[in-house]
Amino acid sequence: MFDVLSDEYQQMDEISKKSKSKISNAVSLDDPISVLSGEDFAIVSEKTSLAKIIKILQDKHLACVVVEKKNVLTGIFTERDVLNKVVGYKLDLEKEVVSSFMTPKPAKLLLEDSIAFALNKMTDGGYRHIPIVNKAKKTVAVVSMQDVINHLGDYFFDEIINLPPKPLRRQHSVEGG
């Protein structure tokens, strides 16, 4: 019996053998956070001045710093905190310390937690960055919403890049006959 799709299956086999594509590994929102690349991050103490932290954010092109006390995560200070809690308040950045402006007791995840769980936590809490800690509560990474988007985008690049553009005008009838 003739299979109409046999040519397509054969082509897909040939392409997958030649390709070094990541898609052969498959991607799932159940994958652990450890598959994400994560962002560079800096760890500072609660007594670090805002001036020093802002310099770190600028020099290292970071979106946040993790605040620890005795090697345990106690807070996170993000660029959003700079805009909402620092800018416009005429503070002496050399004298003010991060513990007064950080987000205390931030949500945190483990490397074994799933990407879906991280997305849910970030969406539900309104976070763009979330610290990842080990069993000893030591920060080992910071994952951002952008990391998740980049990860998914790597796997589905062709599908994303081939999406049709937004039409310039609305169609009033169905295309075709």
Every pair of residues 6+ apart whose Cβ atoms lie under 7 Å, when the first sits in region 120-149 and is on the phi > 0 side of the Ramachandran plot while the second is of a type in the set (A, V, I, L, M, F, W, C) and surrounded by fewer than 17 Cβ atoms within 10 Å (Cβ to Cβ): LYS137/VAL72
Residue match in region 127-138 (condition: charged (D, E, K, R), in a helix (DSSP H, G or I) and touching a Lys or Arg at 6+ places or on another chain (Cβ under 9 Å)): no
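Conditions tested, residue by residue: (1) in a loop (DSSP other than H, G, I, E, B); (2) under 16 Å from LYS47 (Cα atoms); (3) in contact with a Gly (Cβ under 8 Å, 6 or more places away or on another chain).
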site: VAL65; (1), (2), (3): no, yes, no
site: GLU68; (1), (2), (3): no, yes, no
site: GLY75; (1), (2), (3): no, yes, no
site: ASP81; (1), (2), (3): no, no, no
site: LYS85; (1), (2), (3): no, no, no
site: LEU93; (1), (2), (3): yes, yes, no
site: LEU119; (1), (2), (3): no, no, no
site: MET122; (1), (2), (3): no, no, no
Total residues in region 81-111, condition surrounded by 11 or more Cβ atoms within 10 Å (Cβ to Cβ) and touching a helix residue (DSSP H, G or I) at 6+ places or on another chain (Cβ under 8 Å): 14
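Would you call TYR9 at pLDDT 70 or above and among the aromatic types (Phe, Trp, Tyr)?
no
Whether any residue in region 48-59 is modelled with pLDDT of 95 or more, outside any helix (DSSP H, G or I) and not basic (Lys, Arg) is what I want to check.
Yes, there is a match, as at least one residue in region 48-59 is modelled with pLDDT of 95 or more, outside any helix (DSSP H, G or I) and not basic (Lys, Arg).
The values are calculated or read from the model by the stated rules, or taken from the named source; none is laboratory data. Keep in mind that this is a model prediction, so the values were computed, not measured. Heads up, the Cβs are rebuilt from the backbone with ideal geometry, glycines too, and the neighbour counts pull from every protein chain shown.
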